[in-house]
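Okay, so here's the structure we're looking at.
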2 protein chains.
Amino acid sequence: MIEEKAYAAIVGVGQTRFGELFDRSLTGLVLEAGLTAIKNAKIKRDDIDAMFVGSFIPAILNNQGLIGAKLAEELGVDIPIYRCESACSSGGDAITLAVQGVMAGLYDIVVAGGVEKMAEGDPVNALKAAASETERVHGNTFTSLYAQITRRHMHLYGTTREQLAMVASKNHRHAKDNPYAHFRNQVTPEQILKGSFVAEPLTLFDCSPISDGGAAAIIVSPKLAKNFKDPVYITGFGKGSASLNLAARKNIAEIPSTKIAVKRAFEMRNKRLPKKTISDINLAEVHDCFTIEELLAMEDLGFCKKGEAGKIVEKSFKKHEGDSHVIYHTPKGDVLFNPGGGLKAAGHPVGATGIRQLVELVDQMRGTSGHPAPVKSKMALSHNIGGTGGNAVVTLYEVE
Amino acid sequence: MIEEKAYAAIVGVGQTRFGELFDRSLTGLVLEAGLTAIKNAKIKRDDIDAMFVGSFIPAILNNQGLIGAKLAEELGVDIPIYRCESACSSGGDAITLAVQGVMAGLYDIVVAGGVEKMAEGDPVNALKAAASETERVHGNTFTSLYAQITRRHMHLYGTTREQLAMVASKNHRHAKDNPYAHFRNQVTPEQILKGSFVAEPLTLFDCSPISDGGAAAIIVSPKLAKNFKDPVYITGFGKGSASLNLAARKNIAEIPSTKIAVKRAFEMRNKRLPKKTISDINLAEVHDCFTIEELLAMEDLGFCKKGEAGKIVEKSFKKHEGDSHVIYHTPKGDVLFNPGGGLKAAGHPVGATGIRQLVELVDQMRGTSGHPAPVKSKMALSHNIGGTGGNAVVTLYEVE
């Protein structure tokens, strides 16, 4: 049923280790990931009809534009290669553009990739390109904008720094056995709370790191999927926009683009398949660039009402003390967020993140992960946002 | 016939004036173009399902990424907005991604836009992002790479500086009545030859300028086209890649990606419609970032054999002395290149160029141009390349 109604199928995945990879080049990272995905899918390089690569600021950090041509050169191919950018959701854009190309009937086998090489130049200043000019002239860094969101959430809903620390501690716990993760060390909420402030109330441990890395997936038309082992189907996606400026939003303690994106994703899915809702999701990759964003994701994706996420995290974290994973017990059912450590611990090479989320979910759903989650999932979701939510992409993954 | 078999239809176009627009903002430029296109198509802002915007280096020159969110904010919309980048062909990518979205059945009415605000910061150095690291470390600017291509073409085929000067002089002549053009002044081949060298043998007048500007088009699904006045159909497109490094190519006096792109465009078209070839094109927008590139385009698109373009330009230029336009008389028939002045005289705000080419052709084909060309065209072509040809996009336009 799903096979016939899906929009596309993922048949191969790959990623590099995430971290400070000073000896690696920008395109070398996405090539490594791409070649791993090609091998994983058991296809040949020449089978690929097109590529879609997400990357945020290679022009600033690596002085490099036109990375499509660099990839064409290194792979020795002349196929269409698109680069897309929407800050931290550039990878999510690459997935959805790849699926659009397949849906258009133009390509049968495509690569969706993502890459960022951030540990050179001045990444903290460069990241301000994801904010608006108005925000930059007031001296905001990217972290300070999320600090304002956090303060507002605390003020409106009573969210505590302890609850945020539990998100970070949980994601480090999930990364413990993930060989690709930037951070596999374990941190307790107490240690996190004692971290130095980057922008109050966010400490160093509330922030995802500056990482290098690449990730890639082989996406094929549904009719080809049966020729591959263990395909994971894309049954819907949604992309939403919101104002770049936080000041232009009604409530900065929510991400309106997330709400629109998840709505569109389920609409696209349910147009073709028997209705499912957020309650059917028991595994998700959500965009925890800062700890507060994991709470916002839980709320804005619809797992609970606005303002409830902090308490759900606290209760679930305490319940799973000593367990390998923390499952969130939400009003919409039990769900595991970020089984590989999320952006917080797996790392956040900006353009690669949306694809890394897909790779993690596919490995978990296929049962091929080196760090298996204690959840069997038939339907999972990835949530990838750009900037402070000016863009959001939600993608739905299913297996028969 | 075309209406039923086309992949998409253009029903509205708009562009800003091109030039040094110090008082305008990056997103303001593309908004002006977009609102003009919306008005031209007689639609409402809320009719738009998605946007695709090409831009090269706003992150370097304007410190701005995530321009989709900035546009969403200024327009007050929450639709999917994609940004794509392939250096100077970012606009061409936006057109083809917009058509892919329509072909996928996801969107009925989309905007393809492009923008660049280059007259701030250090554009000459920033443009090196379109070259490879290997080329940059040897001190190449973008012009010096094209100077090497020019020298090679002269060496292999006897092309002369006089022939190149005729390209520039012709394009200034075509821009004379174009109110949007960066340069409307007239220059003779003699003046051009006396210009100061930027990178020998290219003088200042062989180079397209550093411009600010935006352009936009409303693209709809073919089934909607009949509801609009004078639609122009997109009947095919092709996108090809080549090595970023010139040194990795067999012959630097040709652009392999152009050859692939035009082949793919006609294959896509002829799969659905009675066969046509390059001989059926009598109007074209070609990517004359430097004068040599107009010769390369004539050859690589297939209007003549490799090495013949210089002599065709010379003969045609002399034949049309005193005429408002220079029509090229090629072995594949008569064709008018760059009726609005091309990149050379109309200007080259990088991300906007591919869309400006489309706007120019649509206005000419509809008969709504303020500077009408002495050619009635039923089938036209645009040719937009990135960098020194690491990417190329060819699009075919037809009317009933």
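The table below gives the values:
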{"item": "Residue in segment B:20-41 that is on the phi > 0 side of the Ramachandran plot and either facing another protein chain (nearest Cβ under 8 Å) or surrounded by fewer than 24 Cβ atoms within 10 Å (Cβ to Cβ) (or both) present", "result": "no"}
{"item": "Selection from segment B:34-54 of residues that are of a type in the set (Val, Ile, Thr) and outside any loop (DSSP other than H, G, I, E, B)", "result": "B:36, B:38, B:53"}
{"item": "Tabulated pairs, segment A:228-242, first more than 14 Å from residue A:384 (Cβ to Cβ) and more than 14 Å from chain B (Cβ to nearest Cβ), second aromatic (Phe, Trp, Tyr) and not in a loop (DSSP other than H, G, I, E, B), C-beta under 9 angstrom, 6+ apart or interchain", "result": "A:232/A:397; A:233/A:397; A:235/A:397"}
{"item": "Selection count where residues are over 24 Å from residue A:127 (Cβ atoms) and of a type outside the set (A, V, I, L, M), scope segment B:44-76", "result": "7"}
{"item": "Options A:282, A:245: the member that is within 14 Å of another protein chain (Cβ to nearest Cβ) and either at negative phi or more than 18 Å from the chain's Cα centre (by Cα) (or both)", "result": "A:245"}
{"item": "Checklist (1) at pLDDT below 95; (2) surrounded by fewer than 24 Cβ atoms within 10 Å (Cβ to Cβ) applied to residue B:154, failing item", "result": "(1)"}
{"item": "Helices (runs of 4 or more DSSP H) (entirely within segment A:55-103) containing at least 3 residues that are touching a Lys or Arg at 6+ places or on another chain (Cβ under 8 Å)", "result": "A:67-75, A:90-103"}
{"item": "Matching option when the condition is assigned to a loop (DSSP other than H, G, I, E, B) and buried (at least 24 other Cβ atoms within 10 Å of the Cβ), among B:389, B:351, B:370", "result": "B:389"}
{"item": "Selected residue [within 23 Å of residue B:340 (Cβ to Cβ), of a type outside the set (Phe, Trp, Tyr) and touching a Pro at 6+ places or on another chain (Cβ under 7 Å)] from B:225, B:165", "result": "B:165"}
{"item": "Residue A:29 vs. criteria touching a helix residue (DSSP H, G or I) at 6+ places or on another chain (Cβ under 8 Å) and modelled with pLDDT under 95", "result": "no"}
{"item": "Test: residue A:129 is more than 14 Å from every other protein chain (Cβ to nearest Cβ), surrounded by 24 or more Cβ atoms within 10 Å (Cβ to Cβ) and not β-branched (Val, Ile, Thr)", "result": "no"}
{"item": "Test: residue in segment B:95-105 that is under 17 Å from residue B:287 (Cα atoms) and either buried (at least 20 other Cβ atoms within 10 Å of the Cβ) or of a type outside the set (Lys, Arg) (or both)", "result": "yes"}
{"item": "Test for residue B:142: is it at the interface with chain A (Cβ under 9 Å from one of its Cβ atoms), among the aromatic types (Phe, Trp, Tyr) and buried (at least 22 other Cβ atoms within 10 Å of the Cβ)", "result": "no"}
{"item": "Positions within segment B:286-340 being among the small types (Gly, Ala, Ser), crowded, with 24+ Cβ neighbours inside 10 Å and in a loop (DSSP other than H, G, I, E, B), in sequence order", "result": "B:340"}
{"item": "Those residues of segment B:73-104 which are facing chain A (nearest Cβ under 7 Å), touching a residue at least 60 places away in the same chain (Cβ under 8 Å) and farther than 27 Å from residue B:244 by Cβ, in sequence order", "result": "B:103"}
{"item": "Complete set of residues in segment B:233-247 that are surrounded by 24 or more Cβ atoms within 10 Å (Cβ to Cβ) and either aliphatic (A, V, I, L, M) or in contact with a Cys (Cβ under 6 Å, 6 or more places away or on another chain) (or both)", "result": "B:234, B:242, B:244"}
{"item": "So residue A:199, is it away from chain B (no Cβ under 14 Å), more than 21 Å from residue A:296 (Cα to Cα) and in contact (Cβ under 8 Å) with a residue 40 or more places away in the chain", "result": "no"}
{"item": "Residue A:252, sole failed condition from (1) β-branched (Val, Ile, Thr); (2) in a helix (DSSP H, G or I); (3) surrounded by fewer than 24 Cβ atoms within 10 Å (Cβ to Cβ)", "result": "(2)"}
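Matching residues to (1) more than 14 Å from chain B (Cβ to nearest Cβ); (2) farther than 24 Å from residue A:264 by Cβ; (3) not polar (S, T, N, Q):
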site	(1), (2), (3)
A:356	yes, no, yes
A:368	yes, yes, no
A:373	yes, yes, yes
A:381	yes, no, yes
A:387	no, no, yes
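The values are calculated or read from the model by the stated rules, or taken from the named source; none is laboratory data. The shown structure was predicted, so the numbers you read here are calculated from the model rather than taken from an experiment. As a convention, Cβ positions derive from the backbone with ideal geometry for all residues, glycine included, and neighbour counts pool all protein chains shown.
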